[in-house]
1. Suppose R0 equals 22 Å. What FRET efficiency, 1/(1 + (r/R0)^6) with r the Cβ-Cβ distance, do K90 and V37 give to the nearest 0.05?
2. For the full complex of protein chains and a 1.4 angstrom probe, list M6, M1 by accessible area with the highest value first.
3. With label points built 7 Å along Cα→Cβ from the Cα atoms of E98 and K80, find their separation and express it in nm.
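The values are calculated or read from the model by the stated rules, or taken from the named source; none is laboratory data. The model shown is predicted, which means the values in this text are computed figures rather than measured ones. When we count neighbours, we look across all protein chains shown, and the Cβ atoms used for this are built from the backbone with ideal geometry, even at glycine. The protein model used for the area step is the full one, side chains on, heavy atoms only, and it has no ligands, DNA or RNA in it. Shrake-Rupley method; radii C 1.70, N 1.55, O 1.52, S 1.80 Å.
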Amino acid sequence: MPKTVMRYCPFCRKHTEQKISQTKKRSPSSLSYGSKVRARRRGAARGMGNLGRYSKPAISQFKMTGAKTSKKTDFRFECKECKKSHVHQKSFRAKKVEFK
Ligand SMILES: [Zn+2]
């Protein structure tokens, strides 16, 4: 990846030179609302207690963490003219991203 690109800046409303920086994606915590909803759909974490059965393994084992080996890129573009940054709309999968 190049460090700077000529891109459209929505603040300047024209193409400007913009610096690319990568932001680290925040990994969802194991007890986020979405994970509970997904776990519930799979039949886990339903009701309180274990309903007389032996306890099931933790929800984290059901989740698809680590299923993909590549990560989606998450770029921020900082305009050199107005110093404002905006997010790349289209990200792609890559195992490793280097700036040169
Ligand atoms: Zn700008």
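1. Efficiency for this residue pair is about 0.20.
2. Sorted by accessible area, descending: M6, M1.
3. Simple spin-label model gives 2.3 nm for this pair.
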